[in-house]
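Worksheet: one structure, shown below.
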2 protein chains.
Amino acid sequence: MKETVAPAAPRPGALGAHAGWTGRFAGLARLSPTLRRKLEDAARLRRFAAGERVFGPGEKPRGMLFLLSGAVRVHQTSPGGREIVLYRVAAGESCVMTAACLFAEQSYHGEGVAETDVVAAEAPRATFEALLADSPEFRDFVFAAYSHRMIELFRVVEDVVFGRMDLRIAERLCQLADEEGVARVTHQDLAAELGTAREVVSRQLAEFQRRGWIEQGRGRVRLADRAALARFAASA
Amino acid sequence: MKETVAPAAPRPGALGAHAGWTGRFAGLARLSPTLRRKLEDAARLRRFAAGERVFGPGEKPRGMLFLLSGAVRVHQTSPGGREIVLYRVAAGESCVMTAACLFAEQSYHGEGVAETDVVAAEAPRATFEALLADSPEFRDFVFAAYSHRMIELFRVVEDVVFGRMDLRIAERLCQLADEEGVARVTHQDLAAELGTAREVVSRQLAEFQRRGWIEQGRGRVRLADRAALARFAASA
DNA sequence: GCGCGTTGTGTGACCTAGTCACTGAAGGCG
DNA sequence: CGCCTTCAGTGACTAGGTCACACAACGCGC
């Protein structure tokens, strides 16, 4: 929809159906046509099915990733099988862990998993650096993204080190619920979000239920009293 | 010492005794004379005594910080008074939290404290951006630093979420000890490094002592068997 | 509908880590 | 020497993580 606005003839190119994608990117939209062309030509389109692994420990990034559509969850996994979600990459964003490992020339320290079907553009480091060199807008875009993620990470550390688990579970539950107040997650999913164990989540949800704040089904939590839960989450 | 090498006449300038400091910076050493001049002129020299606060929550960064000498510890503090060290900035490095908050236009999410007497150069954002625009070496320097810190933060998260406290204490003890195997730290210091409580450290050190790995004095831990401690720290 | 494997949840026992409220020891200093 | 401040030790308790289960809900083939 809204494709009626598009004026220029679609340029057939290596990116096929996604030709012209830079136009939809914050920052990238204002690149010079030359740079834009260069980026679209050099980048390789990569597709991932929902649930598929995008990157993981042991691999090195082959280029900078820009997410064109879908969402990627980036998490860390312990030998014991516990998990914690570090951040999510949405369409229009790039992945900081990829950027960091690309520039530090290290292999990934975490895993990226497609949460939906995903289309991403992978730009070689040289192209990425050329863009950084030539486009102030692109620099802004990259630095702002990098900075916000870094701050997000500071927050994750703070939560994990100082935060109370009951409050964190309540908060995440509120975030994950849709407009009807239903979150389609298993206890295990919630545990993986927060870096805790499934049993801890189960016990806490039982307590929330006892207080009448939620109702539970298999793989499903309904917020019976979202306001109370949110109030509790903020009561730190 | 080794000042015999310095060929050019020292240029008197706003930075006084630190004139010409860009020459000692990785990456910055290769700036064009014009840029260098610009940076040295625009940056404001700031001095801090050991123990003094360099920045903290509530403040916004007034510019990018480059540490010319000394060391700064960056940590987060909980309302309850617990602390965790995120990273340290050494001479020749810049501070990522400052960079992140500068670009995201947010106030600091942690606190920076001078661990020794410190001299730092504070470059206004405009100057910083000009350097990024004009110098590939400076971009490399900044991106590499940013990337390494980010990876360090991933590691901190991993340690805190999945790591065992006894191993973390042993590891940090090994890091903090000098060549003679003596660490001049209080139990509280160790706790603040790792984001735990003083009592936890006390109990663990008592156990290490019982095993003959360390000897303790007031504000002082001697590694009686550094190898054993290191082996234990790595036995995860 | 029935059987059966898979996945999600409930629970108790146990251990580690963090909190609270103390005690007393070690050092600095007048 | 006495006094104050800082550091360290300890016990009781709570929160959170681990282990080993039991069992319920669903998916699916027949």
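A simple rule links phi to the HN-Hα coupling: the Karplus curve 6.51 cos²θ - 1.76 cosθ + 1.60 with θ = phi - 60°, which for segment A:143-149 gives 5, 5, 5, 3, 5, 5, 5 Hz, with x for Gly and Pro.
Rounded to the nearest 10 degrees, what's the angle between the helix A:165-176 long axis and the longest principal axis of chain A, both from Cα atoms, 0 to 90? Tilt relative to chain A: about 50 degrees. Using a probe of 1.4 Å on the protein chains alone, the accessible area found for A:Ser107 is around 40 Å². Solvent-accessible surface (1.4 Å probe) assigned to B:Asp134 amounts to roughly 100 Å².
For segment B:119-195, which trypsin sites (Lys or Arg not before Pro) are in a loop by DSSP, counting at most 13 other Cβ atoms within 10 Å? Of the trypsin sites (Lys or Arg not before Pro), the ones in loops of segment B:119-195 whose Cβ has at most 13 other Cβ atoms within 10 Å are B:Arg164, B:Arg184. Restriction of the trypsin sites (Lys or Arg not before Pro) in segment A:207-236 to DSSP coil positions whose beta-carbon has at most 14 other beta-carbons within 10 angstrom yields A:Arg211, A:Arg218.
By how many degrees, 0 to 90 and rounded to 10, does the Cα axis of helix A:198-210 deviate from the longest principal axis of chain A? With both axes taken from Cα atoms, the answer is about 60 degrees. Please state the shape class of the protein assembly as shown: rounded when a/c is under 1.5, otherwise prolate if a/b exceeds b/c and oblate if not, all from the C-alpha gyration tensor. Taking the square roots of the gyration eigenvalues as a ≥ b ≥ c, the protein assembly as shown is oblate.
Computed over chain A, relative contact order equals 19 percent, with contacts defined as Cα pairs under 8 Å that lie 6+ residues apart.
A:Lys38 contributes about 100 Å² of solvent-accessible surface, heavy atoms of the protein only, 1.4 Å probe.
Karplus-based coupling profile of segment B:33-50, in residue order and whole Hz: x, 4, 4, 4, 4, 4, 5, 5, 6, 7, 6, 9, 7, 10, 10, 9, 7, 3, with θ = phi - 60° in 6.51 cos²θ - 1.76 cosθ + 1.60 and x standing for Gly or Pro.
Sparsely packed loop sites in segment B:43-78 (the trypsin sites (Lys or Arg not before Pro) outside DSSP H, G, I, E and B with at most 16 other Cβ atoms within 10 Å) comprise B:Arg62. The label point for A:Arg203 and the one for B:Asp117, both projected 7 Å from the Cα toward the Cβ, are 5.3 nm apart. Computed about the Cα centre, the dipole magnitude for chain B is approximately 180 debye when only Lys and Arg (+1) and Asp and Glu (-1) carry charge, each at its Cβ.
The values are calculated or read from the model by the stated rules, or taken from the named source; none is laboratory data. What you are looking at is a predicted structure, and each value in this text was computed from that prediction instead of being measured. Don't worry about glycine lacking a Cβ; one is built from the backbone with ideal geometry, like all the others, and counts go over all protein chains shown. To get the accessible areas, we keep the full protein, side chains included, count just its heavy atoms, and leave off ligands, DNA and RNA. Shrake-Rupley method; radii C 1.70, N 1.55, O 1.52, S 1.80 Å.
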